[in-house]
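Shown next, in structure tokens, is the structure this report addresses.
The values are calculated or read from the model by the stated rules, or taken from the named source; none is laboratory data. Values in this document were obtained by computation on a predicted structure and should not be read as measured data. Reconstructed Cβ throughout: ideal geometry from the backbone, glycine too, with neighbour counts over all protein chains shown.
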């Protein structure tokens, strides 16, 4: 039995992204560029669904409960002709918790807690920040969420969530996934063992397979 296709979007840019601050569970909002990226992702999806003969209303739409993901989902839905607030939230899609490190840059973490920073560099997959969680722990709840899906789904969530999901789907390895760049303003097509990247509306005509 084939598994659902995921159309995965990392939330648009926030001011903390621009400042390279660890957000984790902090409830930050999109900035102007982030709102533009959300609309662009909706346009990418509209072109992609038109090419595939898919009715946008037939898919499921799920977002992380954090504000930056909700704002991204609502920005995407407008170009699809869908009511912006009519989607589901799932707490299992929330970003990895960075605990005491939230609000800091990695340079600040390295200065304040060099031993913990070095431990993270040695094993980013299993490392647990103080009062936070690891990618390994994140992958458990993301895997439970994926197992619950019954149809093709559009997701608005986070970079860490995407990396954990890629490991669960056999797209990436635990040793390398934490270092992968998850871009904003693009749509990822995830299926077990494969990924496509749709980077602009024209990408609905020609996608980059990874």
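Report those helices (runs of 4 or more DSSP H) wholly inside the range 1-116 carrying at least 3 residues which are closer than 19 Å to residue 197 by Cα. Can you show your working first?
Working: elements: 15-18, 32-52, 67-77, 106-112.
Counting at least 3 such residues, we get 32-52, 67-77.
Please go through the range 30-50 and give me each residue that is within 28 Å of residue 104 (Cβ to Cβ), crowded, with 16+ Cβ neighbours inside 10 Å and in contact (Cβ under 8 Å) with a residue 24 or more places away in the chain, ordered by number.
Scanning the range 30-50 gives 30, 34, 35, 37, 38.
Whether any residue in the range 129-142 is at positive phi and at pLDDT 95 or above is what I want to check.
Among the residues of the range 129-142, at least one is at positive phi and at pLDDT 95 or above, which makes the answer yes.
Here is a check on your reading of the model: is residue 5 under 25 Å from residue 143 (Cα atoms) and buried (at least 21 other Cβ atoms within 10 Å of the Cβ)?
Considered against the rule, which asks whether it is under 25 Å from residue 143 (Cα atoms) and buried (at least 21 other Cβ atoms within 10 Å of the Cβ), residue 5 comes out as no.
Tally time: how many residues in the range 81-123 are crowded, with 18+ Cβ neighbours inside 10 Å and either under 30 Å from residue 154 (Cβ atoms) or modelled with pLDDT under 95 (or both)?
Qualifying residue count, the range 81-123: 10.
Of the conditions (1) under 12 Å from residue 157 (Cβ atoms); (2) out of contact with any strand residue (DSSP E or B) (no Cβ under 9 Å at 6 or more places or on another chain), residue 54 satisfies every one except a single condition; which number is it?
(1)
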